[in-house]
Amino acid sequence: WIARMIGTIGRYVSRLFAFWLAATLVALASVILLLDTVELAKRTQRIDVPLGALVKLSLFKLPHLLMDVFPFAVLFAAMFCFGRLARSQELTIIRAAGISAWRFLAPVLILVLAVGLFRVAGFNPLAATLYARYEALETEMLRGRSGSSAAAQNGFWLRQAGRDGNAIIHAL
């Protein structure tokens, strides 16, 4: 059933959609990486942090940010793909040939479902791991302390939950 549904037209439209999805993700990733690096550079003006370290931090944060913009990338990829098909009159020709809209949309929907499953099962754990590493490096490099302690300007604060309630400890 799926092999019959995919057909030549379905493969063509799916390949076109996959191209636009990849192009959209690359474009969004480039813009996000640039803006995040500039933001980190702005935050570290007073501290001498090399540009390579800032780019490394931005690269660790990039997958986490891509998870947020992924639905928009799919939306824009679909708009670009079907806009191109409409401009070149290919959609009109496909419909005039008697092919149902669902027949050439089904492969795209299957592709989006597969990419979504990969995003949840494969990309999300990678993004979470890299974001945790980003937070640890950011805390270490930009704030000058390890991520396990919480030091304020007026001392060191610890909070511990117990049976009798919370205990807050302060040390200079």
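The values are calculated or read from the model by the stated rules, or taken from the named source; none is laboratory data. Only a predicted model underlies this, so the values are computations on that prediction, with no experimental measurement involved. We place every Cβ from the backbone using ideal geometry, glycine too, and count neighbours over all the protein chains shown. Surface accessibility is based on the protein's heavy atoms, side chains included, excluding ligands, DNA and RNA. Shrake-Rupley method; radii C 1.70, N 1.55, O 1.52, S 1.80 Å.
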What is the chain's relative contact order, in percent, from Cα pairs under 8 angstrom and six or more apart in sequence?
-> 28
Expressed in square angstrom to the nearest 10, the accessible area of PHE156 with a 1.4 Å probe stands at 70
For the pair ILE9 and LEU142, the simple spin-label estimate (label points 7 Å beyond Cα toward Cβ) gives in nm 5.1
Reviewing (i) 53; (ii) 19; (iii) 34, the figure for percent of Cα pairs over 26 Å apart actually calculated from this model sits under (i)
With springs only between Cα atoms under 10 Å apart, run a GNM on the chain and tell me which of ALA27, ALA161, ALA114 wobbles the most.
-> ALA161
Just order 13-20, 65-72 by mean Cβ neighbour count inside 10 Å, highest at the front, would you?
-> 13-20, 65-72
The chain, dipole about Cα centre (Lys/Arg Cβ +1, Asp/Glu Cβ -1), debye to the nearest 20 = 460
Applying 1/(1 + (r/R0)^6) with R0 = 35 Å to the Cβ-Cβ distance of VAL26 and ALA96, what FRET efficiency is obtained, to the nearest 0.05?
-> 0.55
Under a 1.4 Å probe, counting only protein heavy atoms, ARG84 has an accessible area in Å², nearest 10, of 80
Add -39500 (n - 2.57) for each DSSP H run of 4 or more in the chain, then divide by its residues: what number comes out at 222 nm, to the nearest 500 deg cm²/dmol?
-> -25500 deg cm²/dmol
The range 28-172 - accessible surface per residue (Å², probe 1.4 Å) | 67
Carbon + sulfur, % of accessible area of the chain - ligands and nucleic acids excluded, 1.4 Å | 66
